[in-house]
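Asker: There's a structure below that I have some questions on.
Bear in mind these aren't lab numbers, they're just calculated from the coordinates by the rules spelled out. Computed from a predicted structure; not experimentally measured. No Cβ is skipped: glycine too gets one built from the backbone with ideal geometry, and neighbour counts run over all protein chains shown.
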Amino acid sequence: MMKKGLLIVNTGNSKGKTTAAFGQALRSAGQGLKVCIIQFIKGHDQTGEAKAVRAHLAENIELHITGSGFTWQQDQQRVQEAADQGWQLARAKISSDAYDMIVLDEFTYLLSYQLIDENQALDFIKNRPPRLHIVITGRNAGPGLIEAADLVTEMREIKHHYRQGVKAQKGIEF
């Protein structure tokens with residue numbers, strides 16, 4: 001069996017994509033690997049994941065929150081600037097060869113909303129350091145990303161508590 005850096009994609013319309021990626025980062029950090037997480041849409045650091053990483057895992061997991069919040073509720077120029085800055089940071093981290101794993105959380109939105117050029121982004125990711133694992137999350141992973149990936153998991157909603165009128169809860173959704 002060969003050993004190589006994997007491109008892992010967590011996509012689909014249900015919850016769990018970011019949670020699975022953070023679990024992968026936690027597993028890697030537990031094995032002494034150096035991890036960088038870049039969140040592209042979330043615009044604040046008060047999520048449970050961000051608090052836990054900063055309080056307990058900062059030695060092995062570096063976290064950057066580059067988003068401006070939900071893209072459909074913002075001025076398009078602000079969204080574009082946040083996407084550009086986040087992708088510039090991601091390219092620098094990927095090129096640095098200083099990490100074993102990089103999580104690009106909600107990165108699919110940059111591609112599906114055409115905030116960055118998909119072909120250029122995929123070419124850059126394909127030409128990353130050979131040992132580097134990249135985990136990408138977000139809805140609507142396109143055919144090009146799926147084709148480039150080594151592992152794709154689709155989160156599919158069967159039942160959701162939101163449909164029963166239960167609001168987002170601390171420790172479950174954030």
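Asker: Can you give the calculated 222 nm mean residue ellipticity of the chain, where each DSSP H run of n ≥ 4 adds -39,500 (n - 2.57) and the sum is split over every residue, rounded to the nearest 500 deg cm²/dmol?
Answerer: Numbers: 6 runs with 60 residues, N = 174.
The helix-only estimate for the chain comes to -10000 deg cm²/dmol at 222 nm.
Asker: Moving on to the next point. VAL135's amide H: which non-local residues (gap 5+, or another chain) put their own amide H closer than 5 Å, with H modeled 1.01 Å from N in plane and none for Pro or chain starts?
Answerer: ILE8, ILE102, VAL103, LEU104
Asker: Moving to a separate point now. If you put +1 on each Lys and Arg Cβ and -1 on each Asp and Glu Cβ, how big is the dipole of the chain around its Cα centre, in Debye rounded to 20? Don't skip to the answer; put the middle values down first.
Answerer: Working: 21 positive and 19 negative charges, 122 e Å.
Roughly 580 debye for the chain.
Asker: For the cross-link pairs LYS17/LYS159; LYS15/LYS126; LYS51/LYS170; LYS93/LYS170; LYS3/LYS93; LYS42/LYS170, which exceed 19 Å when the distance is taken from alpha carbon to alpha carbon?
Answerer: Too far apart for the 19 Å limit: LYS15/LYS126; LYS93/LYS170; LYS3/LYS93.
Asker: Using mean Cβ contacts within 10 Å as the protection proxy, how do 122-133, 159-170, 104-115 order, highest first? Display every interim value, and only then the final one.
Answerer: Working: 122-133: 15.1, 159-170: 9.0, 104-115: 21.3.
Most protected by this proxy first, the peptides run 104-115, 122-133, 159-170.
Asker: Compute the distance from the alpha-carbon center of segment 119-174 to that of segment 29-57, in whole Å.
Answerer: Here the answer is 16 Å between Cα centres.
Asker: Only bridges whose two residues both fall in segment 7-153 count here: according to DSSP, what percent of them are antiparallel, nearest 5? Intermediate values should be presented prior to the final figure.
Answerer: Values: 0 of 21 bridges.
The answer is about 0 percent antiparallel.
Asker: Turning to a different aspect of this structure: Work out how much length GLN85 to ASN119 would gain on full extension: take 0.36 nm times their residue separation and subtract the Cα-Cα distance, in nm to one decimal.
Answerer: So the chain would gain 10.4 nm between GLN85 and ASN119.
Asker: For ALA52 and LYS126, what is the calculated FRET efficiency with R₀ set at 30 Å and r taken between the beta-carbons, to the nearest 0.05? Provide the component values of the computation, followed by the final result.
Answerer: On the way: r = 32 Å, r/R0 = 1.05.
Using R0 = 30 Å, I get an efficiency of 0.40.
Asker: Can you find, among GLY142, LEU33, VAL103, the residue farthest towards the positive end of the dipole of the chain? Put +1 on the C-beta of Lys and Arg, -1 on that of Asp and Glu.
Answerer: With unit charges placed on the Cβ atoms, the residue in question is LEU33.
Asker: Can you tell me which of ALA90, ALA149, ALA21 moves the most in a GNM of the chain? Springs connect C-alpha atoms under 10 Å apart.
Answerer: ALA149
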